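Comments concern the structure below.
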Amino acid sequence: MNTDKDKELKGGLPICVHLCLSVANIFGVEFRMTHIKSEELFRRAVEKIPGGVNSPVRAFRGVGGQPIFIARGQGSHLFDVDGNEYIDYVGSWGPLLLGHRHPEILAALEKALEIGTSFGAPTEQEVLLADAICEAVPSIEMVRLVNSGTEATMSAIRVARGFTKRDLIVKFEGCYHGHVDSLLVKAGSGLATLGIADTQGVPKAFADTTIALPYNSLDALEEAFRVHGERIAAVIVEPVVGNMGCVPPLPGYLEGMREITARYGALLIFDEVMTGFRVAFGGAQARYGIRPDLTTLGKVIGGGLPVGAYGGRRDIMSMVAPAGPIYQAGTLSGNPLAVAAGLAMLRHLKAHPEVYDRVEACGARLEAAAPAGVTVNRVGSMFTFFFTDGPVTGWESAKKCDTARFGRFFRRMLEGGVYLAPSQFEAAFVSAAHSDDDIERTIAAVREEAESELRSD
Ligand code: HOZ
């Protein structure tokens, strides 16, 4: 008998729907996932958490129903609270290059737990992590650990302004550098997905210090410097954009950016929160051979734990307090758990350069499986299927994508056991934990999805 309680447990969907799903399963007909516990948790979440999520990019109500609540991750797989299993291409938005629960990271965390969880005082491990970062990314001569990518970019901007004694910042449309006030102008990621060009809550005076330009246009950059060059403190860029989907730099673009910034005495900040240790061990700057003045890094240097860092030229970083007059601080900065996990991650990547060959090869196989009429952008192990047939080189072209078609793709892939970011304007990430079987199953799911789309036409 179907009681109210049954209905509640089944997520409030009509009971007949759930019965149909069960019957289909019993007769061996294609099984469609149910998300009863996720639905219930989401109903509770929206009562207490804005939008039911702790970061907007996790919400996908309009696209595919509602967020899936995760029970656990293992290697390349996620398991939700309803017992569904997915091949994970979100990887905590990039940093899980070794997959979930890598044994060396777990061992480092267990060891760190023996000494304590937070001191707000220096530890030996912080010095080791700083050494490891500076060795891997030679443009980083000095580094300051913080707690997130947002903190890293916010601090790098402050340092750039303090060092140059100028106020203006150049950023690019569709790039996202965390939720820093002055960087939320024409930003990508969740803002692009939600159609929020300029968020409320940022004083006009802050937004007015930002110049947003089209990515991949050296002409636009040259013109901005011609007009405002003496007032521009820094250009901040995702060297490979991940936050409007994956958009690589056109040949010569980063080189031109380096030349123009140097000519005007402005700093070049590479936001490598996504690309650091991902597109190469030394990040995008190693892959493209460009030396920025400052670099920001994110959770990858914490093995997926909450951490970030900014660093760069010694003369610039020497201005940071207490060495210099530019103040930036944090009790949890250099947190022993995050630092231990990050050290384990970086040591593993250094000792296993074959990780990069492996994820590159997996990325290439997925790229080759893209359905007809889709533009694929890929740099190593980060990629996006854009539902448009033209090239995607910046926000103007990215926003032409058929987002309704992306929504159907996303939903069917999820039902096929493939977990992607719920937005056309995000990148997918392959990890070293993805097996050949994962890749083959993903390719099969992509083909099946394309056939479903054709049938529904
Ligand atoms: N850069 C990440 C997504 N593109 C951020 C994730 C988040 O905002 O939660």
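The values are calculated or read from the model by the stated rules, or taken from the named source; none is laboratory data. These numbers were taken from a predicted model, which means no experiment stands behind them. For neighbour counting, all protein chains shown are included, and Cβ atoms are generated from backbone atoms with ideal geometry for every residue, glycine included.
At a glance:
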| item | result |
| --- | --- |
| Of residues in the range 377-400 being part of a helix (DSSP H, G or I) and of a type in the set (Gly, Ala, Ser), the one nearest to Met274 (Cα to Cα) | Ala398 |
| Qualifying residue in the range 411-432 (condition: touching a Lys or Arg at 6+ places or on another chain (Cβ under 6 Å) and among the aliphatic types (A, V, I, L, M)) | yes |
| The range 260-281 residues that are in contact (Cβ under 8 Å) with a residue 60 or more places away in the chain and among the β-branched types (Val, Ile, Thr), paired with ones that are assigned to a loop (DSSP other than H, G, I, E, B) and away from the ligand (no atom under 16 Å from the Cβ) (beta carbon under 9 Å, 6 or more apart) | Ile269/Pro292; Ile269/Asp293; Thr275/Gly380; Val279/Gly380 |
| Residue match in the range 401-414 (condition: at pLDDT 95 or above, of a type in the set (A, V, I, L, M), in a loop (DSSP other than H, G, I, E, B) and closer than 22 Å to Gly188 by Cβ) | no |
| Residue in the range 194-203 that is under 19 Å from the mean Cα position of the chain (by Cα), under 20 Å from Gln424 (Cα atoms) and crowded, with 24+ Cβ neighbours inside 10 Å present | no |
| Filter result (over 21 Å from Asp131 (Cβ atoms), of a type in the set (A, V, I, L, M) and touching a residue at least 12 places away in the same chain (Cβ under 8 Å)) within the range 292-329 | Met319, Ile326 |
| Pair list, Cβ < 8 Å and 6+ apart or interchain, from the range 48-60 residues that are touching a residue at least 40 places away in the same chain (Cβ under 8 Å) to residues that are in a helix (DSSP H, G or I) and within 13 Å of the ligand (Cβ to nearest atom) | Ser55/Gly190; Pro56/Gly190; Pro56/Thr193; Pro56/Leu194; Val57/Gly190; Val57/Thr193; Ala59/Gly51 |
| Considering residues of the range 367-400 that are over 19 Å from the mean Cα position of the chain (by Cα) and in contact (Cβ under 8 Å) with a residue 24 or more places away in the chain only, the residue farthest from Ala428 (Cα to Cα) | Glu396 |
| Complete set of residues in the range 158-206 that are more than 16 Å from the ligand (Cβ to nearest atom) and in contact with a Leu (Cβ under 8 Å, 6 or more places away or on another chain) | Val159, Ala160, Phe163, Thr164, Ile169, Val170, Ala197, Asp198, Val202 |
| Residue among Glu173, Glu126 that is within 20 Å of Phe281 (Cα to Cα) and acidic (Asp, Glu) | Glu126 |
| Which numbered condition Thr209 misses (of (1) under 14 Å from Asp167 (Cα atoms); (2) of a type in the set (Ser, Thr, Tyr); (3) buried (at least 24 other Cβ atoms within 10 Å of the Cβ)) | (3) |
| Restricting the range 141-150 to residues that are more than 12 Å from Leu183 (Cβ to Cβ) and within 16 Å of the ligand (Cβ to nearest atom), the residue that is surrounded by the most Cβ atoms within 10 Å (Cβ to Cβ) | Val146 |
| Residue within the range 252-271 that is under 22 Å from Pro306 (Cα atoms), buried (at least 20 other Cβ atoms within 10 Å of the Cβ) and within 12 Å of the chain's Cα centre (by Cα) present | yes |
| Any hit, the range 219-233, residues being crowded, with 24+ Cβ neighbours inside 10 Å, under 20 Å from the mean Cα position of the chain (by Cα) and not polar (S, T, N, Q) | no |
| Conditions (1) at pLDDT 90 or above; (2) within 16 Å of the ligand (Cβ to nearest atom); (3) in a helix (DSSP H, G or I): number failed by Ile68 | (3) |
| Test: Phe225 is in contact with an Asp or Glu (Cβ under 9 Å, 6 or more places away or on another chain) and aromatic (Phe, Trp, Tyr) | no |
| Test: residue in the range 332-345 that is surrounded by fewer than 18 Cβ atoms within 10 Å (Cβ to Cβ) and more than 16 Å from Val146 (Cβ to Cβ) | no |
| Residue in the range 193-213 that is under 21 Å from Gly94 (Cα atoms) and in contact with a strand residue (DSSP E or B) (Cβ under 6 Å, 6 or more places away or on another chain) present | no |
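Conditions (1) of a type in the set (Asp, Glu); (2) buried (at least 16 other Cβ atoms within 10 Å of the Cβ); (3) at pLDDT below 95; (4) away from the ligand (no atom under 16 Å from the Cβ), marked per residue:
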site	(1), (2), (3), (4)
Asn377	no, yes, no, no
Ser397	no, yes, no, yes
Val418	no, yes, no, yes
Gln424	no, yes, no, no
Ile439	no, yes, no, yes
Ala445	no, yes, no, yes
Ala450	no, yes, yes, yes
Asp457	yes, no, yes, yes
